[in-house]
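A.B. asks: Got a structure for you, questions after.
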Amino acid sequence: MKRHLSTLAVLALLLSAVLLPQAALAQTTSPWQVSYFNNTNWSGAPVYTEYANAISYNWGSDMPPVPNMPSQNWSARLTTNSFFYAG
């Protein structure tokens, strides 16, 4: 009986994973452009620009994001071109 209930529980979990609606994912083939600014409002020209294939950053608490940048009171703008399927 216990084995039967375990099998039913696993089957229910698998079905719920398949039947639940999934969020639409962006299809991007272009890299992210990351522009860093010496202020918190993106004004003026960026002081540093780089390109990244994914957004995966951990800037830490007192660590500047890039060379010659302050460790606080800076901002970054990340832009890319993405395609979304309709629906």
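A.B. asks: So which pairs qualify, if the first residue must be in the range 61-87 and more than 15 Å from GLU50 (Cα to Cα), the second must be part of a strand (DSSP E or B), the Cβ gap must be under 8 Å, and the two must be at least 6 apart or on different chains?
C.D. replies: TRP74/TYR36; TRP74/PHE37; SER82/GLN27; PHE83/GLN27; PHE84/GLN27; TYR85/GLN27
A.B. asks: Cβ-Cβ distance below 8 Å, separation of 6 or more or different chains: which pairs start in the range 39-59 with a residue that is loosely packed, with under 12 Cβ neighbours inside 10 Å and end on one that is part of a loop (DSSP other than H, G, I, E, B)?
C.D. replies: That search, which allows pairs on different chains as well, returns THR40/ASN73; THR40/TRP74; GLY44/ASN38; TYR51/PRO31; ASN53/PRO31; TYR57/PRO65.
A.B. asks: Could you tell me which numbered condition ALA86 fails, if it satisfies all but one of (1) surrounded by 10 or more Cβ atoms within 10 Å (Cβ to Cβ); (2) in a loop (DSSP other than H, G, I, E, B); (3) at pLDDT 70 or above?
C.D. replies: Only one criterion is unmet by ALA86, namely (1).
A.B. asks: State all residues of the range 69-87 that are touching a strand residue (DSSP E or B) at 6+ places or on another chain (Cβ under 8 Å) and of a type outside the set (D, E, K, R); if no residue qualifies, say none.
C.D. replies: Once the filter is applied, which keeps residues that are touching a strand residue (DSSP E or B) at 6+ places or on another chain (Cβ under 8 Å) and of a type outside the set (D, E, K, R), the range 69-87 yields MET69, TRP74, SER75, ALA76, LEU78, THR79, THR80, SER82, PHE83, PHE84, TYR85.
A.B. asks: May I ask you to list the residues in the range 60-80 that are surrounded by 10 or more Cβ atoms within 10 Å (Cβ to Cβ), of a type in the set (Gly, Ala, Ser) and assigned to a loop (DSSP other than H, G, I, E, B)?
C.D. replies: SER71
The values are calculated or read from the model by the stated rules, or taken from the named source; none is laboratory data. Since we're looking at a predicted model, the values are computed, not measured. A quick note on method: Cβ atoms are made from the backbone with ideal geometry, for glycine too, and the neighbour counts reach across all protein chains shown.
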